[in-house]
């Protein structure tokens with residue numbers, strides 16, 4: 001009886017752990033993943049898998065089956081976050097202020113494990129598997145670079161996954177439809193005239209309207225949008241002034257906006273501009289609003305979600321398919337979905353005994369390495385089922 005993808009993955013589990021820890025100890029920020037790319041290409045060379053370097057630090061590996069057929073892409077992100085790690089791990093980050101606090105090291109490892117397994121059995125399937133190690137997911141820049149380099153040309157389906165602490169280790173989700181929200185970044189700058197703090201009437205204060213606008217944002221959510229269509233507006237940066245006795249000439253802020261519905265998105269864009277202008281006019285100053293689209297919503301294809309769910313049941317077990325509510329996080333995997341049908345899965349990492357209970361982007365974040373063999377096998381199972389094993 002032939003070995004299953006999970007059995008094959010279990011045989012290389014220690015290799016997966018070692019590779020993940022090597023990546024974890026040497027994290028790199030978006031578009032600067034040069035050493036990470038070197039580790040990836042060295043491993044691909046070791047396995048004699050052909051690849052192409054694209055973008056700035058992305059890599060596309062290609063595994064040809066035993067004849068013509070469909071093409072499936074498996075995608076993993078490779079970048080880390082500007083967070084300092086101080087968890088006392090033997091393999092914790094050696095790069096100050098940089099940490100794999102989102103588990104991209106695990107995603108890269110699982111895709112690499114899948115590449116090894118699929119390459120070893122390439123005489124058993126027809127078609128092509130394209131394994132994409134993508135840079136700069138955290139800045140929403142990497143997927144577009146891969147696409148611009150032709151990474152989606154000829155691809156019939158794309159699959160990826162993310163670890164999440166909302167599901168226990170050993171469980172998974174592959175839901176149909178909305179998964180993650182779209183994201184825009186809105187930059188707002190109020191500009192007045194500086195002056196002495198003792199005679200504020202001689203200047204044009206930008207701080208007060210800026211602060212009022214920041215607080216007023218939630219009234220846009222409450223009063224301008226349908227409560228059934230979720231919107232999140234978060235002021236992540238607010239900057240104003242230089243000294244207590246100087247009237248601030250300029251006040252600026254960066255706002256992260258999350259959405260699912262495109263009509264609601266447009267409504268909020270217009271409301272932000274309208275409210276900002278009204279406050280600027282009230283205080284006789286100027287305001288500039290710039291909307292920078294970051295990534296569209298992640299919406300899973302119905303047929304591919306069914307394949308991913310069936311593949312997951314083969315790996316995790318029939319009773320380990322868990323619920324996962326749509327979330328206001330965002331993923332640039334959605335850019336691939338605009339090119340070809342795609343599905344994005346969730347793999348659990350919550351384990352109280354191991355302390356892997358914190359969410360991605362938390363400086364206490366840790367990952368349960370038991371998911372590595374499961375995730376690698378899920379990639380393989382999905383690819384084989386899609387290609388028609």
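Please treat every number below as a calculation from the coordinates, not as lab data. Owing to the predicted nature of the structure, the values given are computational and were not obtained by experimental measurement. Heads up, the Cβs are rebuilt from the backbone with ideal geometry, glycines too, and the neighbour counts pull from every protein chain shown.
For n ≥ 4 DSSP H runs only, could you compute -39500 (n - 2.57) per run for the chain, divide by its residues and tell me the 222 nm figure to the nearest 500? Don't jump to the answer; show the numbers that get you there.
Values: 10 runs with 135 residues, N = 389.
Result for the chain, helices only: -11000 deg cm²/dmol.
Compute from the Cα atoms of the range 182-295 the Rg and the Dmax, the latter being the longest Cα-Cα distance, and quote both in angstrom.
Cα only, the range 182-295: 15.0, 48 Å (Rg, Dmax).
Nearest 10 degrees is fine. How inclined is helix 13-25 to the longest principal axis of the chain, computing both from alpha carbons?
For 13-25 against the chain, the angle is about 30 degrees.
Quickly work out the residue 274-to-residue 178 label distance, labels modelled 7 Å from Cα along the C-beta direction, and quote it in nm with one decimal.
Reported label-point gap for residue 178 and residue 274 is 2.2 nm.
Compare 359, 222, 111 in a GNM of the chain, Cα atoms joined below 10 Å, and give the one with the largest fluctuation.
222
Using the C-alpha atoms of the chain, what convex hull volume per residue, in cubic angstrom, is computed?
Details: hull volume 58.4 nm³, N = 389.
In the chain, the Cα hull volume divided by residue count equals 150 Å³.
Let me see the P(r) profile for the range 1-111: every Cα-Cα distance counted, bins of 5 Å, each bin given as a percent of all pairs.
With 5 Å bins starting at 0, P(r) equals 2, 11, 19, 22, 19, 13, 8, 4, 2, 1.
Measure nothing fancy, just the Cα-based angle from helix 371-387's long axis to the longest principal axis of the chain, in degrees from 0 to 90, nearest 10.
On a 0 to 90 degree scale, this one is about 70.
With the convex hull built on the Cα atoms of the range 256-389, state its orientation-averaged projected area in nm². List each step's numbers first, then the result.
On the way: hull surface 46.9 nm².
The directionally averaged projection comes out at 11.7 nm².
With viscosity set to 0.692 mPa s at 37 °C, what whole-number translational diffusion coefficient in µm²/s follows for the range 53-178 from Stokes-Einstein and a Kirkwood radius over Cα pairs?
Numbers: Rh = 16.1 Å.
Rounded to a whole number, D works out at 203 µm²/s.
What ratio of Cα Rg to 2.2 N^0.38 Å holds for the range 205-252?
Details: Rg = 14.0 Å, N = 48, 2.2 N^0.38 = 9.6 Å.
So the Cα radius of gyration is 1.46 times the expected 2.2 N^0.38 Å.
Please build a GNM for the chain, connecting alpha carbons under 10 Å apart, and tell me which residue among 273, 353, 56 fluctuates the most.
Highest fluctuation among the options: 353.
Can you tell me which of 114-120, 49-55 comes out highest on packing, and rank the rest after it, using the mean Cβ neighbours within 10 Å? Walk me through the numbers before you get to the answer.
Values: 114-120: 23.1, 49-55: 17.0.
So the peptides 114-120, 49-55, ranked by packing, come out 114-120, 49-55.
Compute the acute angle (0 to 90°) between the alpha-carbon long axis of helix 262-282 and the principal axis of greatest extent of the alpha-carbon atoms of the chain; round to the nearest 10°.
Long axis of 262-282 versus the principal axis of the chain: about 20 degrees.
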